[in-house]
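We did not get these values from a lab; they are worked out from the coordinates using the rules stated. Owing to the predicted nature of the structure, the values given are computational and were not obtained by experimental measurement. Here the Cβ positions follow ideal geometry from the backbone for every residue, glycine too, while neighbour counts run over all protein chains shown.
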Amino acid sequence: MSKDVIIVGSGIGGLCCGALLARYGYSVTVCESHTIAGGAAHGFERGGYTFDSGPSLYSGMSYRGSTNPLRHVLDAVGEGNSITWASYDTWGVRIPEGDFDTTVGNDQFAEVLHTLRGETAVQDWRRLQTAMVPLGKAATALPPAALRLDLGALQTAAPYAWELLKNAPALSQSSQPFSTVLDRTVGDPFIRHWMNMLCFLLSGLPAEGTSTAEMAFMFAEWYRPGVTLDYPMGGSAALVEALVRGLKKYGGTLRLGAHVKQILVENGRAMGVALRSGEVLRAGTVIANASIWDTLKLVPEGALPKAFVAERQATPPCPSFLHLHLGIDGAGLPPDLACHYITVEDWERGIDAPQNLIVMSIPTVLDPALAPPGKHTIHVYTPATEPYDLWQGLERRSEEYAALKATRAEPLWRALERIIPDVRQRVEVELVGTPLTHERFLRCHRGSYGPAISVQEGLFPGPKTPLEGLLCVGGSTFPGIGLPAVAACGLITANTLATVSQHRAMLRDALG
């Protein structure tokens, strides 16, 4: 089998997969259409300010032995200690019940509940925590790094067999909707709203569509004594740079501005890619780190079974994002600003209602170097709730587009004014990103966050396709969207192409 691999796209899933495959001895070339690596997680600069384009909330990244598969990848390619992480535990909340700060950890949220809802709510919360303990042990019993999609999995998973056996009763619940856990433990409406919000931030779906395993993983990571959240010094770009270093350390290549026009198919097998420039790159395996809808567009008509194409094209997409990136003067601002805030306008509208949930990040609270002295970098966004249809067909340079940006950004401004009342007078750099921005720079179908596959409809599909030599990786594949999920998919896909002995050696380096 050819050891040449081409990966289409440098999102986190593609970089994780590429760096690991390079470690496994493959000749890896990552082709990225954009001039910046990282996909939705890339960083960029404007006017002396450094911005995160997307994710800004990390946990389990600052220490070896965590349950986060993204940390496992970094350790596997020797970059686990190359990033400096700022640790913190507090985030600000602005919701219908009031304004308060809360922390990750074991007990503080119970204090918040006692103040907002009384002792009955605290008892509900304790019941939920108790129910989540065995579910959390089950969710972390088998590290994603040990998984592969062939019979070799029997050998790489064998060291964890006893843990899996001990947690078998809880494992049987892992594929059920998290709402089933809430239904048997929680009656308090505020706790149910809160859990719905956390589900949505993790999966892009409320509790009815989010798997128990995903929430159990989050509980095991967040609601335990002494836990902290992490932020990479240098922003999300520092994380991307570490993965790129891991790729290049083992001989892999990253090509920026290399737009893949088509996946080449010969004799029923993917054999490489054709770039928009006309250049042809040959390989024994092609791995698409594009969304499933965009991947299908790259494959010649007839190369995939019609039933497969129809099924995958019908995958429901999450809505898109609206972003407000700001560089502001920080003079006189309170010294106790949190790195993150969330606002919810109205629980009854539904957590997935457009512009109801707004997330804010002020990373310069932790890393002042992301802005000029005395300034702050701010990122405000609606997480996968912005309808693409509002923007479809608009000319990006038109007055209509500019007016719609101003109108749709207004709720983001109002949310931020709850934290910094005079923020509009402080602005030095202002950027509004829309679904068309997502579609343009991330090459993402309808600017979507990824597939909206409810756990009630089954699991995300795996990386394999009916076309020999073509695999998929990233948010359209198991275990789904979000940084830990795409890192896990990168691990699983790379492991499947490695020998069992190579895989075992990687596990020793990644997990100790």
Eigenvalues of the Cα gyration tensor times 5, then square-rooted: what semi-axes does that give for segment 1-117, in whole angstrom, largest first? 37, 19, 12
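Test of understanding: what is the full-extension gain from residue 64 to residue 425, defined as 0.36 nm times their sequence separation minus their Cα-Cα distance?
Stretched out fully, the residue 64 to residue 425 stretch lengthens by 125.6 nm.
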Return the long-range amide H neighbours of residue 450 (sequence gap of 5 or more, or a different chain), with a cut-off of under 5 Å between placed amide H atoms. 318
Residue order, fewest to most surrounding Cβ atoms within 10 angstrom, among 375, 137: 137, 375
Between residue 175 and residue 111, the two model label points (7 Å from Cα along the beta-carbon direction) sit apart by a distance in nm of 4.2
Taking r as the C-beta separation of residue 81 and residue 126 and R0 as 41 Å, the FRET efficiency to the nearest 0.05 is 0.65
Provide 27, 291 in ascending order of the number of other Cβ atoms located within 10 Å of each residue's Cβ, fewest first. 27, 291
With 10 angstrom as the radius, rank 376, 259 by how many other C-beta atoms surround their C-beta, starting from the fewest. 259, 376
Per 0.36 nm of contour for each residue apart, how much would the distance between residue 245 and residue 161 grow if the chain were fully extended, relative to their Cα-Cα spacing? 26.8 nm
Under the rule a/c < 1.5 gives rounded, and otherwise a/b versus b/c splits prolate from oblate, where does segment 439-480 land using the Cα gyration tensor? oblate
Return the whole-Å distance between the Cα centroid of segment 220-237 and the Cα centroid of segment 296-370. 19
If I take R0 = 35 Å and measure r between the Cβ atoms of residue 3 and residue 46 in this structure, what FRET efficiency does the formula 1/(1 + (r/R0)^6) give, to the nearest 0.05? 0.30
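Shape of segment 401-445 from its Cα gyration tensor (a ≥ b ≥ c, root eigenvalues): rounded if a/c is under 1.5, otherwise prolate when a/b > b/c, or oblate?
Note, shape of segment 401-445 comes out prolate.
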The chain: radius of gyration over Cα atoms, expressed as a fraction of 2.2 N^0.38 Å: 0.95
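How charged is the neighbourhood of residue 415? Take every other residue with its Cβ under 11 Å from the Cβ of residue 415, and add Lys/Arg as +1 and Asp/Glu as -1.
Numbers: positive: 94, 414, 418; negative: 345, 410, 417.
Residues near residue 415 contribute 0 overall.
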For the chain: lysine pairs with Cα atoms under 19 Å, gap of 8 or more or different chains, count? 8
